[in-house]
Amino acid sequence: MSSDWFTRKKPAQLERRIEFSDYQQTRDFLERVAELSESEGYYPDMSFGRTHVSITLRSENDVDEVSEDMLRYATQVDQLIPDAKQSID
């Protein structure tokens with residue numbers, strides 16, 4: 001998992017905002033995350049604009065520690081981000 005994720009506790013969650021150069025990159029990324037969500041059965045909270053996506057991964061049981069499943073999913077999301085993006089904390 002990249003260091004661009006922000007960790008919160010009570011309840012545990014991971015947050016990340018990703019900036020893209022244009023709408024097409026944003027849309028392509030959203031489609032890849034949708035495919036990942038379908039295959040993993042995990043659906044993060046997401047909001048987006050023309051050139052950015054904000055993702056929040058929340059614990060399912062309101063626990064205070066980030067789970068291994070959340071870390072694994074975050075790593076998979078990182079792998080979907082095109083090289084041309086810029087990440088903002």
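We did not get these values from a lab; they are worked out from the coordinates using the rules stated. Small disclaimer: the values here were computed from a predicted structure and weren't measured.
Before moving on, here are some points about what is shown:
- Computed over the chain, relative contact order equals 45 percent, with contacts defined as Cα pairs under 8 Å that lie 6+ residues apart.
- Cα-based Rg of the chain normalised by 2.2 N^0.38 Å, two decimals: 1.03
- With respect to the chain, whose longest principal axis is taken over its alpha-carbon atoms, helix 23-40 is tilted by about 30°.
- Against the chain, whose longest principal axis comes from its Cα atoms, helix 68-80 is set at around 10 degrees.
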